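The values are calculated or read from the model by the stated rules, or taken from the named source; none is laboratory data. Since this is a predicted model, take the numbers as computed values, not measurements. Note that we place each Cβ from the backbone using ideal geometry, even for glycine, and neighbour counts take in every protein chain shown.
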Amino acid sequence: MSEEQNKVDANGADNENYFSYYVFVFISAIIGFIAVFFLAGVSIDRLTNSGGLSFLSDHRSFASTMIALVAVIIFLFIAIRFRKQLKGFFLSELFMYLYMGVLTTVVNIVSFEVLRNALAKSGGEASIGWKVAEIVAFLIALIFAFVVNKVFVFRSLNLVPTKFFSELGMFFGARVITEVINFAIMWFMIDKKGMNETFTKIVASVVVIVFNYIFSKYIIFKKNAKEA
């Protein structure tokens, strides 16, 4: 292959990487805005309920929007200003796995909070409410996690039934195991130790991310010699 052809191929690959990078940045900005907006709203509610920063109660939506907007602007500035340095890192398999793991955790936490608050408003028993919310949030996050890990992280686009259902079965089985671990941590910290539910959920989720990485990387989506 000629030197000119090599340059063309390199430029084409680089352009493709930058396209993927900007798509990643754009999607991350949208998801980040939604996540920060929601978490800021929850934090404001808790602060006002506890008697602090009561002046924010009348401007909850505006304050949440401003906090989320500032966070996204900072993220976009860093991502664009240092794109050459960050491109390879952001598009690496390890980072993408951890990133999708964080997104899955956000989906899980947001689903948990929405369901828990809805059940609390319905007048259900608190000790049962968080358990129901956790199970449903787990199922929602499970579906999301399988799709993003298969398609975006490991790029396992093989839809042959035997391969697909093998990955699906192992993925679901591994997530059931880690959810048992997650549930046990939450039961111990909330019901036995009386700790804050949201804080407990975050701690348990970090532990789950570590175990899920081990299962997915070395068992579920492990590539054989021909695929490597």
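Determine whether residue 12 is in a helix (DSSP H, G or I), of a type outside the set (Val, Ile, Thr) and at pLDDT 80 or above.
No.
Can you tell me which residue in region 128-143 is farthest from the chain's Cα centre (by Cα), limited to those that are crowded, with 19+ Cβ neighbours inside 10 Å and not aromatic (Phe, Trp, Tyr)? Talk me through it step by step, then tell me what you get.
Initial filter on region 128-143 (crowded, with 19+ Cβ neighbours inside 10 Å): 129-130, 133-134, 137-138, 141.
Narrowing further to those that are not aromatic (Phe, Trp, Tyr): 129, 133-134, 137, 141.
Details: 129: 23, 133: 18, 134: 16, 137: 13, 141: 9 Å.
Here the residue is 129.
With the structure loaded, tell me whether residue 93 is surrounded by fewer than 14 Cβ atoms within 10 Å (Cβ to Cβ), modelled with pLDDT under 85 and over 17 Å from the mean Cα position of the chain (by Cα) or whether it fails that test.
The answer is no for residue 93.
Step by step: first the residues of region 89-98, then only those that are assigned to a helix (DSSP H, G or I) and touching a residue at least 24 places away in the same chain (Cβ under 8 Å), then the one that is nearest to residue 209 (Cα to Cα). Which residue is that?
Step one: list which residues in region 89-98 are assigned to a helix (DSSP H, G or I), which gives 89-90, 93-98.
Then keep just the ones that are touching a residue at least 24 places away in the same chain (Cβ under 8 Å); that gives 90, 93, 96-98.
Working: 90: 18, 93: 15, 96: 13, 97: 10, 98: 8 Å.
So, considering only residues that are assigned to a helix (DSSP H, G or I) and touching a residue at least 24 places away in the same chain (Cβ under 8 Å), the one nearest to residue 209 (Cα to Cα) is 98.
Any idea which of (1) within 21 Å of the chain's Cα centre (by Cα); (2) farther than 20 Å from residue 93 by Cα is the one residue 165 doesn't satisfy?
(1)
Report every pair of residues separated by at least 6 positions or lying on different chains whose Cβ atoms are under 9 Å apart, first residue within region 144-169 and surrounded by 16 or more Cβ atoms within 10 Å (Cβ to Cβ), second among the basic types (Lys, Arg).
Pairs that qualify, where the first residue is surrounded by 16 or more Cβ atoms within 10 Å (Cβ to Cβ) and the partner is among the basic types (Lys, Arg), are 145/175; 146/175; 154/217; 154/223; 156/150; 156/163; 156/223; 167/150.
Go through region 154-178 and give me each residue that's under 16 Å from residue 100 (Cα atoms) and not in a loop (DSSP other than H, G, I, E, B).
Within region 154-178, 171, 175 meet the criteria.
What pairs come out if I take residues in region 21-41 that are outside the structural domain of residue 62 (by TED's automatic domain parsing) and pair them with residues that are hydrophobic (A, V, I, L, M, F, W, C) whose C-beta lies under 6 Å away, six or more apart or interchain?
none
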